[in-house]
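The values are calculated or read from the model by the stated rules, or taken from the named source; none is laboratory data. This one's a predicted model, so the numbers in the text were calculated from it and none came from an experiment. Neighbour counts run over all protein chains shown; Cβ positions are idealised from the backbone, glycine included. What goes into the accessible areas is simple: the full protein's heavy atoms, side chains included, and nothing from ligands, DNA or RNA. Shrake-Rupley method; radii C 1.70, N 1.55, O 1.52, S 1.80 Å.
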Amino acid sequence: PTLPLDPTLGQAALIEATRVTWWQHLRSGGIWMVPISLFGILSALFGILKLLQIRRIKAPTPEAIAALSQAEAPADFARAVQALPPASKEIFEQGFALRNVSERKRHAAMTHAFIGFRGRLESKLSLIALTAAVAPLLGLLGTVTGMIKTFQLISLNGAGDARVLSGGIS
């Protein structure tokens, strides 16, 4: 069956013949595709791990916080803190340990515990930033390498064949 409109202007078979597989496309990128691919895999892996880490964080329920605020004895507090998500336990334990000191000191201790938790949460984010910065530079280096090869071929063969020129640039 023929299509009433051919956007390829009769070149569909020619376009299909030039189609390459994913692996061929990757190999045509040269040696620079190895570190770019490794950085991509590493960045995706750390991104997935960070996503899983963030999704595990749960906020304490109002009932759990109410039970903590009413706890006077360490045994009552220990029972109430078991209902908390793991990320919140250390912060509230700092607050309970310093329940008899001034509000300012207790707040500072709880803030310090929160900053420690945030530090664990933000760990390895610099690796994702590094891969995001280095991978485009490696891609540019691959392009420059291809241009150098192209100009070497032009100096040897002349500029008569456009396929020689476009093959090195791509």
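Key figures for this structure:
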quantity	calculated
Test: residue in segment 89-110 that is closer than 30 Å to GLY47 by Cβ and modelled with pLDDT of 85 or more	no
Enumeration of residues in segment 87-104 that are exposed (fewer than 10 other Cβ atoms within 10 Å of the Cβ) and of a type outside the set (Lys, Arg)	ASN100, SER102, GLU103
Per-region count, segment 79-99, residues hydroxyl-bearing (Ser, Thr, Tyr) and in a loop (DSSP other than H, G, I, E, B)	0
Positions within segment 22-66 being open to solvent by 50 Å² or more (accessible area, probe 1.4 Å), assigned to a helix (DSSP H, G or I) and over 24 Å from LEU125 (Cα atoms), in sequence order	TRP22, TRP23, GLN24, HIS25, ARG27, SER28, PRO62, GLU63, ILE65
In segment 1-21, the residues that are part of a loop (DSSP other than H, G, I, E, B) and either open to solvent by 100 Å² or more (accessible area, probe 1.4 Å) or touching a strand residue (DSSP E or B) at 6+ places or on another chain (Cβ under 8 Å) (or both)	PRO1, THR2, LEU3, PRO4, LEU5, PRO7, LEU9, ARG19
Any hit, segment 26-34, residues being closer than 30 Å to THR145 by Cα and of a type in the set (D, E, K, R)	yes
Residues located in segment 105-129, provided they are among the small types (Gly, Ala, Ser) and either assigned to a loop (DSSP other than H, G, I, E, B) or open to solvent by 50 Å² or more (accessible area, probe 1.4 Å) (or both)	ALA108, SER123, SER126, ALA129
Every pair of residues 6+ apart whose Cβ atoms lie under 6 Å, when the first sits in segment 47-73 and is among the small types (Gly, Ala, Ser) while the second is part of a helix (DSSP H, G or I)	ALA67/ALA80; ALA71/PHE77; ALA71/ALA80
Members of segment 36-46 that are of a type in the set (A, V, I, L, M) and touching a residue at least 40 places away in the same chain (Cβ under 8 Å)	ILE36, LEU42
GLY139 being farther than 20 Å from ALA64 by Cβ, in contact with an Asp or Glu (Cβ under 8 Å, 6 or more places away or on another chain), modelled with pLDDT of 80 or more and open to solvent by less than 70 Å² (accessible area, probe 1.4 Å)	no
Residue within segment 26-42 that is more than 25 Å from VAL134 (Cα to Cα) and either modelled with pLDDT under 80 or among the basic types (Lys, Arg) (or both) present	no
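Here is a yes/no grid of residues against (1) β-branched (Val, Ile, Thr); (2) in a helix (DSSP H, G or I); (3) in contact with a Ser or Thr (Cβ under 8 Å, 6 or more places away or on another chain); (4) touching a residue at least 12 places away in the same chain (Cβ under 8 Å):
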residue: PHE77; (1), (2), (3), (4): no, yes, no, yes
residue: VAL101; (1), (2), (3), (4): yes, no, no, no
residue: THR131; (1), (2), (3), (4): yes, yes, yes, yes
residue: MET147; (1), (2), (3), (4): no, yes, no, yes
